[in-house]
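Trainee: First the structure, which I've put down as structure tokens, then a few questions once you've had a look.
Only the coordinates and a few stated rules stand behind these numbers; no lab work does. The structure displayed is predicted, hence computed values, not measured ones. Because the Cβ atoms are built from the backbone with ideal geometry, glycine has one as well, and the counts that use them run over all protein chains shown.
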């Protein structure tokens, strides 16, 4: 691809071996929706390159392979720096456990035009589940609730809308931009000059880089828009073991980004304590037997790990960074 390429949008995907079985679905959805002239940047880390990736023969498909597993912050920052050489203005950061459907590109470009008219350079895309398991449905509910709960204009999206995917109604963004104070890593639309302004992603964050980048965007005086469409479809086929592993991973790095942005994430210690206490009587969408099991397990997996590393950070001097293997 020549550096004079004037494409407005570039797709950046992160992939790891645990989702090898879904790579073909992800790639096919991208290739069906985006033309050969559209640049796609793909980073695979953590093991040998899968056959499905090694066989891709497509112009403007840029593949980067690392045997060691890169953290999310490091991988996204690596891609950002690679893309900066090509002068592409908008970057859609996503993961290999998502698919997109027809008209995604057309809808996204139309939303980008609205964002540019209102001088907004960051947005989070809405999402729905695909191939969800019983436990994965509860995980989707929680992710969705976190997203909707962070909307500045929540009256447009009732709190209960996130819990019943068949009843969700996505309003069309017209003159008003509904604002977020959070981002989901698998659905981040960011302008390259904004990333340059805030010095890109924190490459030392294994996870939580999406929360960190959202906080720094807001602290810089910028806004984050919520785009109810186009929709990204995210894989939610989790079993309980994978949910525990996922929550422990998130909890482990929770202190890393929260303690740097206390104005965005205030009183985090007491927030975790409250979350643990309320997990005994979970909110209505999780008050079935399975829902209670899920809610208690995810709350304690995240909360105990987060508390451990928060306390560990208190042991160190304020000037010293947290040490996480």
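Trainee: On a full-extension model of 0.36 nm per residue, what is the gain between residue 134 and residue 193, subtracting their alpha-carbon distance, rounded to one decimal in nm?
Mentor: Values: separation 59, 0.36 × 59 = 21.24 nm, distance 4.12 nm.
Between residue 134 and residue 193, full extension yields 17.1 nm more.
Trainee: Sticking with this one: Can you sort 56, 281 by how many other beta carbons sit within 10 Å, fewest first? Write out the running numbers ahead of the final one.
Mentor: On the way: 56 13, 281 10.
The fewest-first ordering by Cβ neighbours comes to 281, 56.
Trainee: Rounded to the nearest 5, what % of the DSSP beta bridges within the chain are antiparallel ones? Write out the running numbers ahead of the final one.
Mentor: Numbers: 11 of 35 bridges.
About 30 percent, rounded to the nearest 5.
Trainee: Quick check on the chain: helices-only [θ] at 222 nm, where DSSP H runs of length 4 and up contribute -39,500 (n - 2.57) each and the sum goes over total residues. Nearest 500, please.
Mentor: Numbers: 10 runs with 132 residues, N = 325.
Here the helix-only value at 222 nm equals -13000 deg cm²/dmol.
Trainee: Please compute the contact order of the chain in relative form: average sequence separation of alpha-carbon pairs under 8 Å and at least six residues apart, divided by the residue count, as a percent. Don't jump to the answer; show the numbers that get you there.
Mentor: Numbers: 528 pairs, mean separation 64.0, N = 325.
Across the chain, relative contact order equals 20 percent.
Trainee: How much length is gained if the chain between residue 269 and residue 84 is pulled fully straight, taking 0.36 nm per residue apart and subtracting their Cα-Cα distance, in nm to one decimal?
Mentor: On the way: separation 185, 0.36 × 185 = 66.60 nm, distance 3.80 nm.
Net length gain for the segment: 62.8 nm.
Trainee: Return, for the Cα atoms of the chain, the radius of gyration and Dmax in Å, separated by a comma.
Mentor: For the chain, the Cα radius of gyration and maximum Cα-Cα distance read 19.4, 58 Å.
Trainee: Can I ask one more? Measure nothing but the geometry: give the 0 to 90° angle between the long axis through the Cα atoms of 104-117 and the longest principal axis through the Cα atoms of the chain, rounded to 10°.
Mentor: With rounding to tens, the tilt is 80 degrees.
Trainee: Turning to a different aspect of this structure: Considering Cα pairs under 8 angstrom that are at least six residues apart, work out the relative contact order of segment 242-315 and quote it in whole percent.
Mentor: Working: 66 pairs, mean separation 36.5, N = 74.
Over segment 242-315, the number comes to 49 percent.
Trainee: Something else now. How many nm separate the modelled label positions at residue 56 and residue 8, each set 7 Å beyond the Cα in the direction of the Cβ?
Mentor: For residue 56 paired with residue 8, the spin-label model returns 2.4 nm.
Trainee: Mind checking the full-extension length gain between residue 106 and residue 18? Use 0.36 nm per residue of separation minus the Cα-Cα distance, one decimal, nm. Spell out each step's value before the answer.
Mentor: Working: separation 88, 0.36 × 88 = 31.68 nm, distance 3.09 nm.
Net length gain for the segment: 28.6 nm.
Trainee: In addition: Name the most mobile residue of 183, 195, 277, meaning the one with the largest mean-square fluctuation, in a Gaussian network model of the chain with Cα contacts below 10 Å.
Mentor: Judging by the Gaussian network model, the answer is 277.
Trainee: Assuming R0 = 35 Å, can you tell me the calculated FRET efficiency for the pair residue 312 and residue 49, based on Cβ-Cβ distance, to the nearest 0.05?
Mentor: On the way: r = 36 Å, r/R0 = 1.04.
Using R0 = 35 Å, I get an efficiency of 0.45.
Trainee: While we're looking at this one, here's another question. Spin-label point model (7 Å from Cα, Cβ direction): what's the residue 36 to residue 281 distance in nm?
Mentor: The modelled label-to-label distance comes out at 6.3 nm.
Trainee: Return the FRET efficiency for the residue pair residue 242, residue 117: r is the Cβ-Cβ distance, R0 is 51 Å, and the value is rounded to the nearest 0.05.
Mentor: Details: r = 42 Å, r/R0 = 0.82.
Using R0 = 51 Å, I get an efficiency of 0.75.
Trainee: Could you work out the Rg to Rh ratio of segment 242-315, with Rh taken as the Kirkwood radius (inverse of the mean 1/r over all Cα pairs)?
Mentor: 1.01
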